[in-house]
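The values are calculated or read from the model by the stated rules, or taken from the named source; none is laboratory data. Note that the structure is a prediction, hence the values are computed from the model and not measured. These area figures cover heavy atoms from the full protein model, side chains too; ligands, DNA and RNA do not enter into them. Shrake-Rupley method; radii C 1.70, N 1.55, O 1.52, S 1.80 Å.
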Amino acid sequence: MTAPQGAGPDEPTPAAIRAATARGLQEQFPGVRVWFGEATGSWWAMVPLRDGPRLLEAPTPQQLRDEIMNSRTRG
């Protein structure tokens with residue numbers, strides 16, 4: 001008999017992986033708030049800029065990282 005498939009007791013849940021990813025992006029970009037939208041299935045960031053905060057959305061963490069970098073470059 002085999003064990004059921006899925007996350008084992010030592011494997012992180014998808015929610016834990018998303019939370020760790022969000023923390024990693026926030027550490028990379030101090031002052032930026034990052035989260036995964038459960039309802040939208042998108043990654044979000046609130047980026048403080050000189051002319052006010054900007055809300056960004058992307059389908060993946062890597063694309064969100066790129067968007068954050070681009071928004072900070074444009075200012």
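So if I check each of Val34, Val47, which one is of a type in the set (A, V, I, L, M), closer than 18 Å to Ala16 by Cα and open to solvent by less than 80 Å² (accessible area, probe 1.4 Å)? Steps first, please.
Values: Val47 fails: closer than 18 Å to Ala16 by Cα.
Testing whether each residue is of a type in the set (A, V, I, L, M), closer than 18 Å to Ala16 by Cα and open to solvent by less than 80 Å² (accessible area, probe 1.4 Å) leaves just Val34.
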When the stretch 50-75 is examined, which residues are found to be more than 22 Å from Ala16 (Cα to Cα), part of a helix (DSSP H, G or I) and not aliphatic (A, V, I, L, M)? Asp66, Glu67, Asn70, Ser71, Arg72, Thr73, Arg74
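Against the condition at pLDDT below 95 and of a type in the set (A, V, I, L, M, F, W, C), how does Met69 come out, does it pass? Give the derivation first.
Details: at pLDDT below 95: no; of a type in the set (A, V, I, L, M, F, W, C): yes.
In short, no.
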